[in-house]
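Some notes on the structure that comes next.
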Amino acid sequence: MKVKPSESLKIDVFSMRIGDIQDVDLDRLHALSLSVGWPHRAEDWQFLRESGQGFVALDEIGRVLGSAMWFPHGADFATVGMVITSPRLQTLGAGQWLMKRVFDRIPGRDLRLNATRAARRLYLSLDFQPEKTVYQCQGIARAEGAGRLTETRSDIRILDATDVPAAIALDAAGFGVRRAALIEKLFGHSTGYGLFKDDKLIAFSLCRPFGRGHVVGPVVAEGDSDALAVVRPHVVDHSGSFLRIDTHMDSGEFAAFLSHAGMPVFDTVLTMSLGKRLADFAADGSATPRTYALASQTLG
């Protein structure tokens, strides 16, 4: 007989109870992420709440002490993110309590998340397996480091709503799961550039406001040169301001370009999975197109 996870948890000298993340004021969620040094604005939290579901951990007087979210794509897969607890509460079992509540809501799905160093032990204890390192590259974008200005190329143009179906298909080929609702939503908040061959979209990138400035992602392409072609315009557009990109690429032309364009590696997280590995982590490396940059660490 399956035991349902408890709705409350005794922590030290006080108790926590579960709540729906949709019912919590944005300023309290913003304060939670600030408490652990994460850059999410209130607007970023709202975008995530509109894109997924989640829980918060509340104390006896309604203070938000933790959170966990999930983002379903189809019937068999979801990403997990915004799992936040203080280090002290995590060592007392709060993180595991929240994650087990998530498992109870999405049983049987293959899961993927991006784990900070502090959280890796938690996810290993829940049978998540390490996959690849994510390099958080960020800084003040430099147009002079971006090379040739690609907006002069006839095969690159700004994307619009008519390009959404092609972007959804390309993202699914690179990521391994169809994320139609997410890609459509991202289009509504982003500027996108696409690379075309014979009128067919073969690479694209999106860029939207996030945290301290803007984030570029997702980026999907068949090779480094195509990925660079659709990322360069964003570097030019935001030259002199803060720009971020999260990528699994640790070498090659694409990785070198990010540093030259003012976005060196700032930090790393570890992609981990529970269940099936997705296409962009195929063991033989043959999967094309490839996901060159994540939509975000939370969204994958």
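The values are calculated or read from the model by the stated rules, or taken from the named source; none is laboratory data. Keep in mind that what you see is a predicted model, and the values were worked out from it rather than measured. Note that each Cβ is placed from the backbone with ideal geometry, even for glycine, and that neighbours are counted across all protein chains shown.
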Problem set entry | In the range 30-70, residue farthest from Leu186 (Cα to Cα) [restricted to those that are surrounded by 23 or more Cβ atoms within 10 Å (Cβ to Cβ) and touching a residue at least 60 places away in the same chain (Cβ under 8 Å)] | Met69
Problem set entry | Number of positions in the range 82-93 that are crowded, with 22+ Cβ neighbours inside 10 Å and touching a residue at least 40 places away in the same chain (Cβ under 8 Å) | 2
For this session: Would you mind listing the strands (runs of 3 or more DSSP E) fully within the range 30-130 where at least 1 residues are among the basic types (Lys, Arg)?
Result: 110-115
For this session: Taking Gln129 as meeting all but one of (1) under 20 Å from Gly275 (Cα atoms); (2) polar (S, T, N, Q); (3) surrounded by 17 or more Cβ atoms within 10 Å (Cβ to Cβ), write down the number of the exception.
Result: (3)
Exercise. Given Val164, Val134, Val231, Val220, which one is modelled with pLDDT of 95 or more, of a type in the set (A, V, I, L, M) and farther than 16 Å from Arg290 by Cβ?
Worked result: Val164
Exercise. Which of the residues that make up the range 192-224 are over 19 Å from Val134 (Cβ atoms) and either of a type in the set (Phe, Trp, Tyr) or outside the structural domain of Met249 (by TED's automatic domain parsing) (or both)?
Worked result: Tyr193, Phe196, Phe204
Problem set entry | Cross-chain or 6+ apart pairs with Cβ under 6 Å, the range 154-172 first and touching a residue at least 12 places away in the same chain (Cβ under 8 Å), then among the acidic types (Asp, Glu) and surrounded by fewer than 18 Cβ atoms within 10 Å (Cβ to Cβ) | Val164/Glu184
For this session: Working only within the range 20-29, note down all residues that are in contact (Cβ under 8 Å) with a residue 12 or more places away in the chain and not in a helix (DSSP H, G or I).
Result: Asp20, Val24
